[in-house]
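Below you'll find the structure, written out as structure tokens, and then a few comments.
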Amino acid sequence: MNEHPVSRPLRPSDRHGAPRRTRPGQWVLLALGALLTALGLAALVSGLVLAGAAAAQQDGRFLTTSPDRHQTITYALVGPPAVLDVGDTRVSPMPFLDRLGRVQVRVTAADPRQEIFVGVAETGDVDRYLEGVAHAELGSATESGDDTSARVPGERVPDRPGNQTFWADTDQGTGTRELVLDLRSGSWTLVVMNADATRPVWADLQLGARSELLGPLASGQLVGGLIGLVVGVPLLLLGAAGLGRDIDPRTPPRGTGPGAALAGVPDRDGTPRPVSPVRLTGFLDAGLSRWLWLVKWLLVIPHLIVLAVLWFALVVTTVAAGVAVLFTGRYPPSWFSFCVGVLRWSWRVGFYSYSALGTDRYPPFTLARADHPAELEVAYPERLSRGLVLVKWWLLAIPHLLIIGVLAGGGSTWSSTGDDGTTTTGWGPSLLGLLVLVAAVLLLFTGRYRPELFALVMGINRWVNRVLAYVLLMRDEYPPFRLDQGPVEPRPVESPPHEAAAPWGRPAQDRAHDRAGDRPGDGPGDDRGGQDPAR
């Protein structure tokens, strides 16, 4: 059996307009624009977060955590040492330290009648005070607040903490006690005890902080983020447009592009049968390797790195194209070609790897059409609805997104809570992942990929890509709720050439070539796993 499939001739549409090689300069523009845009977005988001934090600490307020209950049967709760090095402020005063940050500690005894003590001192002094005294370390408590797992044993009973003179800051009494700590060099430890040095210790702790530098930092992040977006987004869009022109230099005239009129060919009863504007094909290789699928996750890593950049650029390009459609009703052709190229590249990688495992031929690093078992085309629309662009990518797509989330999503998770309060979480694969796993196991042990299983895998991938094209604003036709299985798109019932235009914008002689190639055996069950009638 032949280990490598025989190369197929390119489609007529490829022969009539071979794409040019993409120029390196366009890749540089795209990569640089994606980097600047990503950094700009990150800086903008962090600037907004910092601005919100700065607004929350106005009027001297602190940014605080929620109260955390701690309880121990020992004599003290001891925090981990905090080591600071801000220089010797006695020799070289640093007035900006007050603006750099201050820390707040609030402690409330669980029993309102119990006097609580909270103090901060140098770590060495605390260690000497609690030597031989049973205490618990903060930061290692269980979710229930019980600090028994962090207990340090001891037999000595400590003296009252308020009688000690080594504390740098202290507060004690009933109700909520509070410390506000300035930044000072040294190793400092927080101690919480009952004021009468008894046990157990049961209290709620709340930490807070504030910094006068949050406002300036927020302003700097916002300005830097805006600069990154102003420079990065145009570079990214220019690079995407250049790549789109390189991979598809033909710009369809108005009203004559493929898919411009998708009324389709009338069915036998006279009702127009729709033609899908998304054409996804995949031909199963004969003689697939039994074991190569075990390492394909490693082999596709270079593709995944490139696709991460391309998909980021695709999202930005889609937003810009949506604005263009909103005002003009047309999708810029160069951006459209770029988006199709990204989907095409992604489908090849998925077909090679774990979306189908349909071929052992390594996917090419190109956005353009190529002689590969997996291909994808999206018909360019003449016009798009201005109103649908606002709702179709989220509201109208919700039913499809829910379905493909089950069919081909990242898997399903479930959780259950037992009688003891513990929560168990599990994970299950998606239907597509399960089907590909079954195909991989069968391939490993039998050396065969079941044709009917492959047809179902192709149907799920075809549904996913139709929804993607709709969500990415590339088409207005609502995706059908059906699995069109098999290696090629189903074709409508054709009429004589004088009754309807050739589908996909191809001449009538190419359709005759299709009918000549549509013969028994051209399906997923033959030696080639199906051959595209148009190839």
> Residues of region 187-210 being assigned to a loop (DSSP other than H, G, I, E, B), open to solvent by 20 Å² or more (accessible area, probe 1.4 Å) and not β-branched (Val, Ile, Thr), which ones?
Replying inline: ASP196, ARG199, PRO200
> Any idea which of ARG383, ARG361, ARG330 is over 30 Å from LEU284 (Cα atoms), at pLDDT 95 or above and of a type in the set (Lys, Arg)?
Replying inline: ARG330
> So which residues in region 365-402 are open to solvent by 10 Å² or more (accessible area, probe 1.4 Å), in contact with a Lys or Arg (Cβ under 7 Å, 6 or more places away or on another chain) and farther than 20 Å from TYR331 by Cβ?
Replying inline: ASP371
>> Looking at region 157-186 only, could you name the residues that are small (Gly, Ala, Ser) and assigned to a strand (DSSP E or B)?
In response: GLY173, GLY186
> Going through region 290-325 one residue at a time, which ones are assigned to a loop (DSSP other than H, G, I, E, B) and open to solvent by less than 30 Å² (accessible area, probe 1.4 Å)?
Replying inline: VAL300
> Just for region 105-148: of the residues that are out of contact with any helix residue (DSSP H, G or I) (no Cβ under 8 Å at 6 or more places or on another chain), assigned to a loop (DSSP other than H, G, I, E, B) and of a type in the set (Gly, Ala, Ser), which one is modelled with the lowest pLDDT?
Replying inline: SER144
> Among ALA439, ALA455, ALA469, which is the only one that is under 30 Å from ALA313 (Cα atoms), small (Gly, Ala, Ser), modelled with pLDDT of 95 or more and crowded, with 17+ Cβ neighbours inside 10 Å?
Replying inline: ALA469
> What number of residues in region 211-243 are hydroxyl-bearing (Ser, Thr, Tyr) and in a helix (DSSP H, G or I)?
Replying inline: 1
> Tally time: how many residues in region 6-57 are closer than 30 Å to ALA368 by Cβ and either of a type in the set (Gly, Ala, Ser) or modelled with pLDDT under 95 (or both)?
Replying inline: 25
> Hey, among the residues in region 326-351 that are aromatic (Phe, Trp, Tyr) and open to solvent by 30 Å² or more (accessible area, probe 1.4 Å), which one's nearest to ARG383 (Cα to Cα)?
Replying inline: PHE327
> Checking GLY287 against (1) in contact (Cβ under 8 Å) with a residue 60 or more places away in the chain; (2) open to solvent by 20 Å² or more (accessible area, probe 1.4 Å), which test does it fail?
Replying inline: (2)
> Any residue at all in region 177-186 that is closer than 13 Å to THR123 by Cα, open to solvent by 40 Å² or more (accessible area, probe 1.4 Å) and polar (S, T, N, Q)?
Replying inline: yes
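The values are calculated or read from the model by the stated rules, or taken from the named source; none is laboratory data. Bear in mind that the values here come from a model prediction, so they are computed numbers and not experimental data. Here the Cβ is made from the backbone with ideal geometry for all residues, glycine too, and neighbour counts use every protein chain on show. Please note that ligands, DNA and RNA were not included when accessible areas were found on the heavy atoms of the full protein model with its side chains. Shrake-Rupley method; radii C 1.70, N 1.55, O 1.52, S 1.80 Å.
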